[in-house]
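The block underneath contains the structure these notes are about, expressed in structure tokens.
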Amino acid sequence: MLNLILFGPPGSGKGTQSQLLIERYGLIHVSTGELLRNEISAGTPLGNEAEQFIKKGQLVPDEVVIGMLSSVLEKHPHSKGYIFDGFPRTAAQSEALDKLLALRKTAITRVLSLEVPEDELVRRLLERGKTSGRADDANKEIISARITEYHNKTIPVADHYARVGKFKKVKGNGSIEETFELLCLEIDPLVSVTA
Ligand code: AMP
């Protein structure tokens, strides 16, 4: 299996690049943000709980997200692999993910980290907020809270995968096409190894 984590701060292009990558490599896209937004639209208890955190730019509690992820993996037992987008976002989540994959006799192949300067992140998110309808893209304060959560809680995930030699930075501030090409340059050699 080819199991990739697309890593990076909010606004770094993880969602956009995941859409392109799943087509090229035939992987299942797992976006916890999207799953949570679906729960909110459906008005489920999980969605209602998550919304309280999301609208303030805070991370949703680990147990909520980990439970949701576990049921996604159960839904696709025969997948060629996954692209995890926006997950794991804390050290506890990365430990849970490693365990869930180990139970399936697989593991994370590579973590690809999209590197984008902070002023560009804020610019992109404010621009997206004009049309996305997402409450968490609405203003600078919430966006800044999300970036702070990333620095405080999510950076340890990068350290975790760097220690085991699975972490790779990719320049993410070019065009969508340029970034996609750089990602493919990293992933193509992994496909032949994991096939
Ligand atoms: P995203 O679409 O990945 O930018 O996620 C939007 C929001 O959903 C985040 O700001 C968090 O509030 C919440 N969220 C998404 N994924 C996670 C996660 N893995 N852990 C905790 N909260 C998450």
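The values are calculated or read from the model by the stated rules, or taken from the named source; none is laboratory data. Because the structure is a prediction, the values reported are computed rather than measured. Cβ: placed from backbone, ideal geometry, glycine included. Neighbour counts: every protein chain shown.
If only one of THR109, THR148 is crowded, with 18+ Cβ neighbours inside 10 Å and modelled with pLDDT of 95 or more, which one is it?
THR109
Residue-by-condition table, conditions (1) touching a Lys or Arg at 6+ places or on another chain (Cβ under 8 Å); (2) closer than 20 Å to VAL157 by Cβ; (3) at pLDDT 95 or above:
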| residue | (1), (2), (3) |
| --- | --- |
| PHE7 | yes, yes, yes |
| GLY11 | yes, yes, yes |
| LYS14 | no, yes, yes |
| SER18 | no, yes, yes |
| LEU21 | no, yes, yes |
| ARG24 | no, no, yes |
| HIS29 | no, yes, yes |
| THR44 | no, no, yes |
| GLU49 | no, no, yes |
Inset, instruction - Say whether the condition of being in a loop (DSSP other than H, G, I, E, B) and in contact with a Leu (Cβ under 6 Å, 6 or more places away or on another chain) is met by at least one residue in the range 162-176. - result: yes
Inset, instruction - Take the residues in the range 106-128 that are of a type in the set (S, T, N, Q) and assigned to a loop (DSSP other than H, G, I, E, B), then tell me which one is farthest from LEU183 (Cα to Cα). - result: THR106
Inset, instruction - Among the residues of the range 18-57, count how many are without any contact (Cβ under 8 Å) to a residue 12 or more places away in the chain, among the hydroxyl-bearing types (Ser, Thr, Tyr) and within 22 Å of SER113 (Cβ to Cβ). - result: 0
Legend entry - Long-range neighbours under 9 Å by Cβ, at least six apart or interchain, first residue over 10 Å from SER12 (Cβ atoms) within the range 110-122, second in a helix (DSSP H, G or I) and β-branched (Val, Ile, Thr): ARG110/ILE187; VAL111/VAL157; LEU112/ILE187; GLU118/ILE147; VAL122/ILE143; VAL122/ILE147
Legend entry - Sole exception among (1) more than 9 Å from the ligand (Cβ to nearest atom); (2) modelled with pLDDT of 95 or more for GLU74, by number: (2)
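Just to be sure I understand, how many residues within the range 17-30 are touching a Ser or Thr at 6+ places or on another chain (Cβ under 8 Å) and not in a helix (DSSP H, G or I)?
Taking the range 17-30 as the starting set, the residues that turn out to be touching a Ser or Thr at 6+ places or on another chain (Cβ under 8 Å) are 17-18, 27-29.
Subset that is not in a helix (DSSP H, G or I): 27-29.
Matching residues across the range 17-30 total 3.
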Legend entry - Condition broken by SER94, with the remaining ones in (1) in contact with a Pro (Cβ under 6 Å, 6 or more places away or on another chain); (2) without any contact (Cβ under 8 Å) to a residue 24 or more places away in the chain; (3) of a type outside the set (Asp, Glu) satisfied: (2)
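Looking at the range 129-140, which of the residues that are part of a helix (DSSP H, G or I) and surrounded by 15 or more Cβ atoms within 10 Å (Cβ to Cβ) is nearest to the ligand (Cβ to nearest atom)?
Step one: of the range 129-140, the residues part of a helix (DSSP H, G or I) are 129-132, 135-137, 140.
Cutting the leftovers down to surrounded by 15 or more Cβ atoms within 10 Å (Cβ to Cβ) gives us 129, 135-137.
Working: GLY129: 12, ALA135: 10, ASP136: 5, ASP137: 9 Å.
Filtering first and then ranking leaves ASP136.
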Legend entry - Any hit, the range 82-103, residues being aliphatic (A, V, I, L, M), away from the ligand (no atom under 16 Å from the Cβ) and not in a strand (DSSP E or B): yes
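Yes/no per residue for (1) of a type outside the set (D, E, K, R); (2) within 19 Å of GLN17 (Cβ to Cβ):
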site	(1), (2)
LYS99	no, no
VAL111	yes, yes
GLU115	no, yes
ASP119	no, no
PRO156	yes, no
VAL164	yes, no
GLU178	no, yes
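Please find, within the range 31-58, the residue that is nearest to THR148 (Cα to Cα) out of those that are in contact with an Asp or Glu (Cβ under 7 Å, 6 or more places away or on another chain), assigned to a helix (DSSP H, G or I) and more than 6 Å from the ligand (Cβ to nearest atom).
First, the residues of the range 31-58 that are in contact with an Asp or Glu (Cβ under 7 Å, 6 or more places away or on another chain): 31, 40, 46-47, 50, 54-55, 57-58.
Keeping just the survivors that are assigned to a helix (DSSP H, G or I) gives 40, 46-47, 50, 54.
So of that shortlist, the ones also more than 6 Å from the ligand (Cβ to nearest atom) come out as 40, 46-47, 50.
Details: ILE40: 23, LEU46: 24, GLY47: 23, ALA50: 18 Å.
My answer is ALA50.
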